[in-house]
Amino acid sequence: MAVADKPEVDIAGLEQKLLAGDRAALARAITLVESKRADRRAAAATLLDRLLPRTGGAVRVGITGVPGVGKSTLIDSLGTMLTARGHRLAVLAVDPSSSRTGGSILGDKTRMARLAVDPNAFVRPSPSSGTLGGVAARTRETMLLCEAAGFDVVLVETVGVGQSETAVADLTDFFLVLMLPGAGDELQGIKKGVLEIADMIAVNKAEAENETRARRAAAEYRTALSILAPASPLWTPPVVTCSGLSGAGLDDVWARILDHRARHEAKGLLAERRRRQDVKWMWALVDDRLRARLTGDAGTRDLLARLETAVGAGETSPTAAAEEVARHLGL
């Protein structure tokens with residue numbers, strides 16, 4: 001007996017429930033935008049178009065740092081502080097994903113114990129499946145859905161390796177880079193590109209015996225930043241110390257995020273930044289569709305397998321193989 005197709009999505013009903021703040025509806029909408037089925041993607045596009053006028057009001061913050069810097073602990077403390085003040089918080093984690101199953105590796109809900117059970121918080125990982133452009137597009141769409149559902153603060157966490165930092169910076173209004181106490185030789189290993197896109201550096205774990213080391217590290221990071229030209233004439237990235245464990249300094253972190261937003265919003269630069277991000281979003285979606293075309297058609301997959309074998313054996317050049325793929329796709 002044939003398996004019946006899934007019923008069509010009730011876009012109007014889903015929209016109504018999501019706008020009312022229904023968390024189950026939000027989860028269903030996110031599943032819809034993450035689907036790779038053509039009909040589901042079309043439904044997701046319709047839903048997003050309908051919701052777009054109700055989006056854009058949230059404070060969007062990207063947070064990165066090397067593994068072990070305490071991102072999840074800090075987000076758990078900062079988020080709990082914000083929900084206690086009446087905010088509704090969404091945390092979207094750009095997760096590395098398993099090469100075997102495609103599933104998320106990080107366990108953000110277990111590492112953010114308080115937010116995981118907070119009725120005013122929503123935590124959602126976005127497995128990258130090896131394609132940062134694709135995850136950026138999906139994460140952006142998820143962010144819009146959260147805004148439409150009434151979440152007024154969105155934190156986007158990146159694992160802090162590879163090019164994920166740039167992808168997340170292109171999603172958000174403010175980019176926070178977390179550092180460990182004790183700069184020294186570690187300062188030499190900081191990627192210049194991360195410093196160039198940082199709106200603030202926070203030296204985390206500034207508690208107990210680490211406090212002095214954290215202040216010393218902050219001074220060294222300020223020196224490192226002083227040789228870089230600020231990305232905005234309105235803002236020189238500050239360097240602060242904080243503790244996700246004790247909550248010390250988180251008031252200052254949040255105040256500076258709001259100060260940055262107020263300055264740029266007053267000059268129209270926040271809207272300009274988001275317009276540029278929308279253009280990058282469009283191209284990320286185009287790239288996503290092209291990749292889907294390459295992997296979704298049996299004939300194209302066969303051609304790619306044959307060409308990979310030929311290039312690997314030295315029977316054809318990579319340039320000639322790429323040209324053949326382009327001709328096959330009508331490019």
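The values are calculated or read from the model by the stated rules, or taken from the named source; none is laboratory data. Values in this document were obtained by computation on a predicted structure and should not be read as measured data. Don't worry about glycine lacking a Cβ; one is built from the backbone with ideal geometry, like all the others, and counts go over all protein chains shown. Protein only, heavy atoms only, side chains kept; ligands, DNA and RNA dropped before computing areas. Shrake-Rupley method; radii C 1.70, N 1.55, O 1.52, S 1.80 Å.
At q = 0.11, 0.18 Å⁻¹, what is the log10 ratio I(q)/I(0) for the stretch 178-331, with the Debye formula run over Cα points and no solvent?
Computed log10 I(q)/I(0) values: -0.70, -1.03.
First select every other residue whose beta carbon is under 15 angstrom from the beta carbon of V33; then total the charges, Lys and Arg +1, Asp and Glu -1.
Combined, the nearby Lys, Arg, Asp and Glu give +3.
Kindly rank 40-52, 240-252 from highest to lowest mean number of other beta carbons found within 10 Å of each residue.
Ranked from most to least packed, the peptides come out as 240-252, 40-52.
Probe of 1.4 angstrom, ligands and nucleic acids ignored: what's the accessible area per residue over the stretch 207-301, in square angstrom?
It amounts to 61 Å² per residue over the stretch 207-301.
Using 0.36 nm per residue of separation minus the Cα-Cα distance, give me the extension gain between T300 and A266 in nm, one decimal.
7.2 nm
For a quick protection proxy, order the peptides 218-224, 72-78 by their average other-Cβ count within 10 Å, most packed first.
72-78, 218-224
Residue separation times 0.36 nm, minus the C-alpha to C-alpha distance between A229 and A113: what's the value?
Full extension of this stretch gives 37.9 nm more.
Count the net charge of all other residues whose Cβ sits under 10 Å from the Cβ of P119, scoring Lys and Arg as +1 and Asp and Glu as -1.
Neighbourhood net charge equals +1.
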